[in-house]
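Structure first, commentary second.
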Amino acid sequence: LAADSAVLLKNSGVLPLSGKEHVVVIGELFEKMRYQGAGSSGMNPTQLVSPKDAFDRAGINYTYLPGYHVNSAQTDKDWADQAVTSAFTADVVLFFGGLTEVFESEGFDRKDLAIPACQLQLIDRLAQCGKEIVAVLFGGSAFELPLNDQVNAILHMFLPGQGGGEACRRLLYGEVNPSGKLTDTFAAAFADA
C-alpha cells in the first residue's frame with residue numbers, strides 16, 4: 001500500500017536508480033522516517049522499517065549524513081557543511097526531507113506551507129554541487145515546493161506507515177512503479193494557494 005500510494009512529482013530521468021551509482025544520502029528523515037500522523041492518530045508499530053533499515057537489508061552501498069535535525073528549523077552548520085562536502089563525491093544525492101509532527105499536527109494551525117528552512121537552505125547548497133538530486137519527501141499535507149527547480153526528481157511518500165522504508169527503497173530502485181495520485185493541490189508558492 002505504501003508503494004502504491006507514493007507520488008512521483010518530478011523525474012528528469014534519474015529514477016529509477018540502477019544500484020551502480022555512488023549514492024550519498026542526506027537528511028535525518030532517512031533514519032527517523034515520518035511514517036504516521038501525530039496526536040490521536042498515533043499508533044505503536046509492530047515493526048518499523050526506515051529507509052535506512054531497508055537500504056541496509058538490501059546491501060545498498062551508500063554514504064549517509066544527517067544534514068539537519070528533524071525537529072528543528074535551525075541550520076546545524078557543521079552537519080550541513082559535512083553533507084555538502086560529501087555530496088561532491090556522489091553520482092546521485094538522495095535528499096530525505098519534509099514535515100515532522102513538530103511542524104504539522106492536530107492541535108495547532110500551520111503558519112505557512114513551507115518545508116523547514118534548514119532543509120531548504122541545505123537543498124540550495126546541494127544544488128550548487130552540480131550533482132543529480134532526488135528529493136524524497138514525507139508529510140501529511142500539502143507544502144510549497146520551491147526546490148522543484150533545484151532537484152532532478154521528487155518522490156513524495158506522504159505518511160507511508162511502518163513499512164514505508166522498504167516501499168521507498170523499492171520505488172527508488174525500480175522494483176515498483178510510483179503511480180499514486182495527488183489528493184491535494186501543491187501550489188508553487190503560498191501566494192498561489
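If you filter segment 23-43 down to residues that are at pLDDT 95 or above and assigned to a loop (DSSP other than H, G, I, E, B), you find that the one that is most open to solvent (accessible area, probe 1.4 Å) is E31. Of the residues E166, E132, E144, only one is at pLDDT 95 or above and more than 17 Å from L48 (Cβ to Cβ); which? Matching residue, one of E166, E132, E144: E132. Output yes when any residue across segment 56-68 is under 14 Å from L172 (Cα atoms) and open to solvent by less than 30 Å² (accessible area, probe 1.4 Å), and no when none is. Looking for residues that are under 14 Å from L172 (Cα atoms) and open to solvent by less than 30 Å² (accessible area, probe 1.4 Å), one finds none in segment 56-68, hence no. Answer yes or no as to whether T63 is assigned to a loop (DSSP other than H, G, I, E, B), more than 25 Å from G140 (Cβ to Cβ) and out of contact with any Leu (no Cβ under 7 Å at 6 or more places or on another chain). No; evaluated as a whole, the condition is false for this residue. From the list D78, D112, the lone residue that is among the charged types (D, E, K, R) and outside any helix (DSSP H, G or I) is D112. In segment 180-187, is there at least one residue being free of Cβ contacts under 8 Å to residues at least 24 places away in the same chain and either closer than 26 Å to A54 by Cα or open to solvent by 20 Å² or more (accessible area, probe 1.4 Å) (or both)? Looking through segment 180-187, at least one residue is free of Cβ contacts under 8 Å to residues at least 24 places away in the same chain and either closer than 26 Å to A54 by Cα or open to solvent by 20 Å² or more (accessible area, probe 1.4 Å) (or both). Here is the figure for segment 82-109: residues that are on the phi < 0 side of the Ramachandran plot and either modelled with pLDDT of 95 or more or not in a loop (DSSP other than H, G, I, E, B) (or both) total 16. Scanning segment 72-110 for residues that are out of contact with any strand residue (DSSP E or B) (no Cβ under 8 Å at 6 or more places or on another chain) and free of Cβ contacts under 8 Å to residues at least 60 places away in the same chain yields a count of 17.
Of the listed requirements (1) crowded, with 21+ Cβ neighbours inside 10 Å; (2) in contact with an Asp or Glu (Cβ under 6 Å, 6 or more places away or on another chain), H156 misses just one: (2).
The values are calculated or read from the model by the stated rules, or taken from the named source; none is laboratory data. This is a predicted model, so every value here is computed, not measured. With ideal geometry, Cβ positions are generated from the backbone for all residues, glycine too; neighbour counts draw on all protein chains shown. Quick note on the areas: whole protein, heavy atoms, side chains included, nothing else; ligands and nucleic acids left out. Shrake-Rupley method; radii C 1.70, N 1.55, O 1.52, S 1.80 Å.
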